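To start, the structure under review is shown below, and the notes come after it.
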Amino acid sequence: MAIVDTVVIGHAVALLLLLAWAIHARGKVGLIAGYDGGLPPDREAELARDAAAVLVVSAAAAGLLVVDAWIGAVPRPGLLVTVAIGAAVAWFLWTWNGRAEPPTE
């Protein structure tokens, strides 16, 4: 079953990393759900960087499931993955929705 887990999770990880690359390196911030294009270019670059970071954290957390499938040494892998992804998403939402706009000069 470890091979099946690796293939299935590997596809999900590849998709997450592809989206992270498209958003950050290619500047495709339109791929971010709910983004309407109303930010200045510098803030848009920050948004792309932060969204890509969340996707990379999610890919790394999913990779933890593959490690557990092969060696079985990760205690409660599902919980760890859920907490890691939840924390990354909560940080992103707090950063972009929960704080005031930075002062303009």
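The numbers here are math on the coordinates, done by the rules we state, and not lab data. Keep in mind the model is a prediction, meaning the values are calculated, not measured. Because the Cβ atoms are built from the backbone with ideal geometry, glycine has one as well, and the counts that use them run over all protein chains shown.
Total residues in the stretch 34-50 satisfying the condition of being assigned to a loop (DSSP other than H, G, I, E, B) and exposed (fewer than 10 other Cβ atoms within 10 Å of the Cβ): the figure is 5.
Among the residues that make up the stretch 56-63, is at least one of them free of Cβ contacts under 8 Å to residues at least 24 places away in the same chain, assigned to a helix (DSSP H, G or I) and of a type outside the set (S, T, N, Q)? No: the stretch 56-63 contains no residue that is free of Cβ contacts under 8 Å to residues at least 24 places away in the same chain, assigned to a helix (DSSP H, G or I) and of a type outside the set (S, T, N, Q).
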